[in-house]
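Comments concern the structure below.
Values in this text are rule-based calculations from the coordinates and carry no lab data. From a predicted model like this one, the values you see are computed outputs, not experimental measurements. Here the Cβ positions follow ideal geometry from the backbone for every residue, glycine too, while neighbour counts run over all protein chains shown.
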Amino acid sequence: MPQESSHRVVVIVDENSNPFELGCATEIFGLHRPELGGRLYDFRLCSPDPHTLMRDGFFTLTGVADLAIADTADTLIVPNRPDIATPRRPDVLDTIRRAHARRARLVGFCSGAFILAEAGVLDGRRATAHWQWTGEFRTRFPHVHLEPDVLFVDDGDILTSAGSAAALDLGLHLVRRDHGAQTAHSVSRRLVFAAHRDGGQRQFVERPVPDLPDESLAPVLAWAQHHLDTPLTVTALAARAAVSPATLHRRFQAQLGTTPLAWLTGERVTLARRLIELGERRLDVVARRTGLGTTANLRAVLRRETGLTPSDYRRRFSPTPPQ
């Protein structure tokens, strides 16, 4: 069970910041968690002004530390706000640059990617932002490798998320990185939120409302998730859904924005990651239970999907060190 952490997370709150993302950061990083043995992080808020007017004047934030405390952050969450065209304050940008120079972890929720880019720390790096700002972001910051159709991007020491709810996905991803899968699942249960949505998942899918209620993929998806250890095929999924493979492909594209095979592979990888995180060291067992077949295929698929070998993934995410 995690002990009280000395890892300091600092959130910079600037004028017109969004309350939702501030609430997400507070909920994930700031709460006392007796069920986990205490606080997961040393959490602080700071602002360049003693009175900070939040988005649309909803309320004024007072009583938080000044910017100096940001220089002590291990993880610094930068401001986000809807007026992306307004230049950020030089003292806030300088604070971000100093944090980056001393190798602090930087996090931008939603429009926070704009302030990271404005500070100059995203040049040559991967990032994401809300889909509605893709064009403007690319015009203003052409040297940033923007990935506009994902929930969040983990580029090591700089992490960015898309729209508001994706702040929760990225926050839980950080808890998972720092404290392991079990702790992240505990936090997600308290949030009553999905424990893990992969960062590569699409931000949104434009689709018409189905004409018939029985076109939902939910039943066949649930069935497949409970049979990943069997040699499932697209033909088998189509038979389970009582449709042709071509119809199944159309429904996957319309409802999930992907193909049946890509979805199935993603589910197998998610299960493999979960098993490794929970301490399963026998790769043949992981391969068999996930339906990936052989350890060689498990290694190849995991590396392709996560950039890590099983042993690297275990070292980073397993709750117990390798023997």
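Descending by average beta-carbon neighbour count within 10 Å, the peptides 86-94, 267-275 line up as 267-275, 86-94, the highest first.
The string of couplings for the stretch 168-174 from the Karplus curve (6.51, -1.76, 1.60, θ = phi - 60°) is 5, 4, 5, x, 5, 4, 5 Hz, one whole number per residue in order, with x for Gly and Pro. Full extension of the chain between His227 and Arg33 gives 66.4 nm of extra length, using 0.36 nm per residue less the Cα-Cα distance.
Only the Cβ atoms of Lys and Arg (+1) and of Asp and Glu (-1) were treated as charged; on that basis the dipole of the stretch 208-323 about its Cα centre amounts to roughly 580 debye. Comparing Cα centroids, the stretch 123-176 and the stretch 27-88 end up 19 angstrom apart. In this Cβ point-charge picture (+1 for Lys and Arg, -1 for Asp and Glu), the chain has a dipole of about 1180 debye about its Cα centre. Computed from the C-beta positions of Leu191 and Ser244, the FRET efficiency with R₀ = 41 Å rounds to 0.55.
Quick one: grab the alpha carbon gyration tensor of the chain, order the square roots of its eigenvalues as a ≥ b ≥ c, and give me rounded if a/c is under 1.5, else prolate or oblate depending on whether a/b is larger than b/c. In terms of gyration-tensor shape, prolate. Computed over the chain, the per-residue total of -39500 (n - 2.57) for DSSP H runs of n ≥ 4 gives a 222 nm mean residue ellipticity of -12000 deg cm²/dmol, rounded to 500. Nearest 10 degrees, 0 to 90: what angle lies between the long axis of helix 260-277 and the longest principal axis of the chain (Cα atoms)? That works out to roughly 70 degrees. Within the chain, antiparallel bridges make up roughly 30 percent of the DSSP beta bridges whose residues both belong there. Backbone phi angles across the stretch 44-51, fed through the Karplus curve with coefficients 6.51, -1.76 and 1.60 (θ = phi - 60°), yield HN-Hα couplings of 9, 10, 8, 8, x, 10, x, 10 Hz in residue order; Gly and Pro are listed as x.
Sequentially through the stretch 233-238, phi angles give Karplus couplings (6.51, -1.76, 1.60; θ = phi - 60°) of 10, 4, 4, 5, 5, 5 Hz, Gly and Pro residues having no value and appearing as x. Label-to-label distance, Asp83 versus Trp131, with points set 7 angstrom from Cα along the beta-carbon direction: 2.8 nm. For helix 181-191, what angle does its Cα long axis make with the longest principal axis of the chain, in degrees from 0 to 90 and rounded to 10? For helix 181-191, the angle is close to 70 degrees. In percent, rounded to a whole number, the relative contact order of the stretch 208-323 is 22, using alpha-carbon pairs under 8 Å and six or more apart.
Residues whose amide H lies under 5 Å from that of Val243, counting only those 5 or more places away or on a different chain, are absent; hydrogens are built 1.01 Å from N in the peptide plane. A simple spin-label model places the labels of Val64 and Asp157 2.4 nm from each other, with each point 7 Å out along Cα-to-Cβ. Seen against the Cα atoms of the chain and their longest principal axis, helix 90-101 is set at about 50 degrees.
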